[in-house]
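Participant: One structure coming up, written as structure tokens, with questions to follow.
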Amino acid sequence: MAAGGSGEEAFNTFYTEVKQIEKRDSVLTSKQQIERLLRPGSSYFNLNPFEVLQIDPEATDEELKKRFRQLSILVHPDKNQDDVDRAQLAFEAVDKAYKMLLEPDQKKKALDVVHAGKEYVEHMMSQKKKQLKKDGKPIDVEEDDPEMFRQAVYKQTMKLFAELEIKRKEREAKDMHERKRQREEEIETQEKAKREREWQKNFEETRDGRVDSWRNFQAKGKTKKEKKNRTFLKPPKVKMEQRE
């Protein structure tokens with residue numbers, strides 16, 4: 001009896017989940033899903049793979065695969081011949097999110113962001129309640145409502161994903177700048193070495209010419225010196241006779 005009751009409860013749970021999926025998919029048609037995935041700001045919205053796939057962060061791998069199949073069919077270019085290019089972009093976003101959640105390390109990072117967003121909202125709720133209690137007011141806050149809490153977590157999570165992406169791009173730009181600087185230094189070093197090799201080569205190639213020039217210079221110098229030191233016999237001066 002207990003087993004039968006447990007089985008019926010499991011079936012009811014499954015049936016409820018199926019109905020929820022059907023309801024959600026009926027609201028978002030292929031066209032609406034494409035619009036959702038390509039809406040303004042999608043480059044940041046789509047950083048959250050759970051948001052892209054519209055799946056609970058705690059969903060099992062089987063649920064993840066099932067959701068991927070459902071969503072990928074809706075936005076696949078083959079199913080959207082009237083909007084192939086945009087459908088392709090939407091499909092790529094879905095495929096990227098799915099592959100990210102299949103990778104354990106990537107999934108853990110995404111879950112850490114979601115949990116951090118939830119913890120932040122809970123912390124802010126606690127701070128608000130403390131202040132209200134201190135002011136002698138009712139300690140009810142709008143996040144006590146499940147839907148408001150969900151929205152607050154969603155917003156904070158999106159903010160965290162965006163901040164991480166901005167930091168990643170900054171690191172990437174910094175690394176690229178550093179690689180560029182190093183490459184410029186390498187090129188300068190190579191050019192300097194090339195100039196030195198060319199100078200050395202020219203120096204060696206013109207050695208004989210320089211030696212000959214020096215020898216000619218020395219030879220000319222000796223010739224001039226010899227000419228300078230050479231003496232000539234001069235005839236005696238003839239004295240004129242004086243007559244008386």
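Participant: Among the residues of the stretch 170-212, write down those that are among the basic types (K, R) and either open to solvent by less than 100 Å² (accessible area, probe 1.4 Å) or modelled with pLDDT under 85 (or both).
Facilitator: R181, K194, K201, R207, R210
Participant: A follow-up question, please. Might you let me know whether the stretch 163-173 holds any residue that is in contact (Cβ under 8 Å) with a residue 24 or more places away in the chain and within 17 Å of the chain's Cα centre (by Cα)?
Facilitator: Looking only at the stretch 163-173, we keep the residues that are in contact (Cβ under 8 Å) with a residue 24 or more places away in the chain, and these are 164-165.
Now narrow it down to the ones that are within 17 Å of the chain's Cα centre (by Cα): 164-165.
Yes, some residue in the stretch 163-173 is in contact (Cβ under 8 Å) with a residue 24 or more places away in the chain and within 17 Å of the chain's Cα centre (by Cα).
Participant: Among the listed residues K137, K133, K129, which satisfies the condition of being over 28 Å from the mean Cα position of the chain (by Cα), farther than 13 Å from L53 by Cβ, basic (K, R) and surrounded by 13 or more Cβ atoms within 10 Å (Cβ to Cβ)?
Facilitator: K129 is the lone residue from the list that is over 28 Å from the mean Cα position of the chain (by Cα), farther than 13 Å from L53 by Cβ, basic (K, R) and surrounded by 13 or more Cβ atoms within 10 Å (Cβ to Cβ).
Participant: In the stretch 54-62, is there at least one residue being in contact with an Asp or Glu (Cβ under 9 Å, 6 or more places away or on another chain), assigned to a loop (DSSP other than H, G, I, E, B) and at pLDDT below 95?
Facilitator: Filtering the stretch 54-62 for residues in contact with an Asp or Glu (Cβ under 9 Å, 6 or more places away or on another chain) gives 55-56.
Adding the requirement that they be assigned to a loop (DSSP other than H, G, I, E, B) leaves 55-56.
Remaining after also requiring at pLDDT below 95: 55-56.
Yes, there is a match, as at least one residue in the stretch 54-62 is in contact with an Asp or Glu (Cβ under 9 Å, 6 or more places away or on another chain), assigned to a loop (DSSP other than H, G, I, E, B) and at pLDDT below 95.
Participant: Also, I was wondering about something else. When the residues of the stretch 41-60 are filtered to those that are free of Cβ contacts under 8 Å to residues at least 12 places away in the same chain and of a type outside the set (V, I, T), which remaining residue is most open to solvent (accessible area, probe 1.4 Å)? Even if it seems obvious, please write down each step before you answer.
Facilitator: From the stretch 41-60, those free of Cβ contacts under 8 Å to residues at least 12 places away in the same chain are 41, 43, 56, 58-60; that's our starting set.
From the residues that got through so far, the ones that are of a type outside the set (V, I, T) too are 41, 43, 56, 58-59.
Numbers: G41: 39, S43: 82, D56: 93, E58: 123, A59: 17 Å².
Looking at residues that are free of Cβ contacts under 8 Å to residues at least 12 places away in the same chain and of a type outside the set (V, I, T), I get E58.
For every residue, the table says whether it meets (1) in a helix (DSSP H, G or I); (2) modelled with pLDDT of 90 or more; (3) touching a Pro at 6+ places or on another chain (Cβ under 7 Å); (4) surrounded by fewer than 12 Cβ atoms within 10 Å (Cβ to Cβ).
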| site | (1), (2), (3), (4) |
| --- | --- |
| G4 | yes, no, no, yes |
| E17 | yes, no, no, yes |
| K31 | yes, yes, no, no |
| D85 | yes, yes, no, yes |
| L89 | yes, yes, no, no |
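Participant: State which residue is farthest from F45 (Cα to Cα) when the search covers only the stretch 135-159 and only residues that are touching a residue at least 12 places away in the same chain (Cβ under 8 Å) and either among the aliphatic types (A, V, I, L, M) or in contact with a strand residue (DSSP E or B) (Cβ under 7 Å, 6 or more places away or on another chain) (or both).
Facilitator: V141
The values are calculated or read from the model by the stated rules, or taken from the named source; none is laboratory data. Predicted model, so just to flag it, every value in this text is computed and none were measured. Positions of Cβ are generated from backbone atoms using ideal geometry, with glycine treated the same way; all protein chains shown enter the neighbour counts. Ligands, DNA and RNA are excluded from the accessible area calculation, which covers all protein heavy atoms including side chains. Shrake-Rupley method; radii C 1.70, N 1.55, O 1.52, S 1.80 Å.
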